[in-house]
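Structure first, commentary second.
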Amino acid sequence: MTAKIQRIHGIELRSFLATLTSESGSLNPARKQYRMGPTPSMEDHTVKLTLVAESAELGWFTIGPAPAGTCITLSLVAHHEESGLPARLSANECEAWMRALFGNSWMPHVYSCDCATGPASMNVVSYRVYLDGLQRPSPKPLEVLAEGCVRLDGL
């Protein structure tokens, strides 16, 4: 499925990732949001999904001093094409989108995240990637409070 996503959306995904990593390196501490989609689900063509990304300086997630870097939170949101009602995506498809976006070299640094709250959270699948001060993917810094984030590769 990852190969299919890359074949269909590769240019858009590369552009999306370039925007996330270049903008997240700015000195502006404000949170920034980006969107990609809606696009058809790979498993169910009656479902559309949107990838929503938010980048924020690591200081947003710490109580005390924070290391240099950025946290990118990516959420996959799905809805039925005809009705607009929320829809579910399989874990397999969600992970395939993350692999298509980040590639294998970044996957050890992708965290599954239970960070969405409220009624919509049941239909939102979120991930986080932490970037160091040089915009390279890195493990979650110890200073970052994110108990609901678990490495996707299970390590």
Discussion item. So the check is Cβ under 6 Å with 6+ separation or different chains; which pairs have a first residue in segment 122-149 that's over 30 Å from residue 48 (Cβ atoms) and assigned to a strand (DSSP E or B) and a second one that's among the charged types (D, E, K, R) and open to solvent by less than 50 Å² (accessible area, probe 1.4 Å)?
Written reply: 138/132
Worksheet item: Counting only residues that are outside any helix (DSSP H, G or I) and either open to solvent by 10 Å² or more (accessible area, probe 1.4 Å) or polar (S, T, N, Q) (or both), how many does segment 82-108 have?
Response: 12
Discussion item. Being among the polar types (S, T, N, Q) and modelled with pLDDT of 90 or more narrows it down to one residue among 121, 90; which is it?
Written reply: 90
Practice prompt. With the condition kept exactly as written, say whether any residue in segment 43-52 is under 18 Å from the mean Cα position of the chain (by Cα), loosely packed, with under 14 Cβ neighbours inside 10 Å and either at pLDDT 90 or above or not in a strand (DSSP E or B) (or both).
Written response: no
Practice prompt. State yes or no: is residue 56 more than 23 Å from residue 22 (Cα to Cα), in a strand (DSSP E or B) and open to solvent by less than 40 Å² (accessible area, probe 1.4 Å)?
Written response: no
Worksheet item: Going by the structure shown, is residue 65 of a type outside the set (Ser, Thr, Tyr), part of a loop (DSSP other than H, G, I, E, B) and open to solvent by 70 Å² or more (accessible area, probe 1.4 Å)?
Response: yes
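The values are calculated or read from the model by the stated rules, or taken from the named source; none is laboratory data. All of these numbers come straight from a predicted model, not from anything done at the bench. We place every Cβ from the backbone using ideal geometry, glycine too, and count neighbours over all the protein chains shown. Keep in mind that these areas ignore ligands, DNA and RNA; they rest on the heavy atoms of the full protein, side chains included. Shrake-Rupley method; radii C 1.70, N 1.55, O 1.52, S 1.80 Å.
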